[in-house]
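Below you'll find the structure, written out as structure tokens, and then a few comments.
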Amino acid sequence: MEELKKAILDYVVHEYLDEDGDETITADTQLISGGIVDSFSMVSLKRFLEKKYAISIPDRDASPEAFDTVTRIAALVQRLQQG
């Protein structure tokens, strides 16, 4: 699970944080409610996860709550990988 969290965290940092900023995030930083990821970004994050992990995330599971932290996202990916 830690490797999964790291991959997701690396993606979020690379795609959504200002490279010159001094903001750091952890696996438990609030992404959506914290304003780091917006609804458009959530769609691109969902596509990244589906492609990288060969899963399909149903719309009902792609909620702001499920995508609010890297820990929650990793748990969702893990659950979908297990079938």
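A compact table of results
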read-out: Verdict on Ile73 being touching a helix residue (DSSP H, G or I) at 6+ places or on another chain (Cβ under 7 Å) and modelled with pLDDT under 95; value: no
read-out: Positions within the stretch 8-39 being over 14 Å from Arg72 (Cα atoms), assigned to a loop (DSSP other than H, G, I, E, B) and small (Gly, Ala, Ser), in sequence order; value: Gly21, Gly34, Gly35
read-out: Complete set of residues in the stretch 40-74 that are free of Cβ contacts under 8 Å to residues at least 12 places away in the same chain and part of a helix (DSSP H, G or I); value: Phe40, Val43, Arg47, Glu50, Lys51, Asp59, Arg60, Arg72
read-out: Breaking point among (1) over 21 Å from Met1 (Cα atoms); (2) surrounded by 12 or more Cβ atoms within 10 Å (Cβ to Cβ); (3) among the basic types (Lys, Arg), for Lys52; value: (1)
read-out: Total residues in the stretch 8-31, condition in contact with a helix residue (DSSP H, G or I) (Cβ under 7 Å, 6 or more places away or on another chain) and surrounded by 15 or more Cβ atoms within 10 Å (Cβ to Cβ); value: 8
read-out: Test: Ala62 is at positive phi and not acidic (Asp, Glu); value: no
read-out: Which numbered condition Leu76 fails, given (1) surrounded by 13 or more Cβ atoms within 10 Å (Cβ to Cβ); (2) more than 17 Å from Glu3 (Cα to Cα); value: (2)
read-out: Enumeration of residues in the stretch 26-62 that are of a type in the set (Gly, Ala, Ser), more than 11 Å from the chain's Cα centre (by Cα) and farther than 19 Å from Val13 by Cα; value: Ala54, Ser56
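The values are calculated or read from the model by the stated rules, or taken from the named source; none is laboratory data. Since the model is a prediction, treat every value here as computed from it, not as a measurement. With ideal geometry, Cβ positions are generated from the backbone for all residues, glycine too; neighbour counts draw on all protein chains shown.
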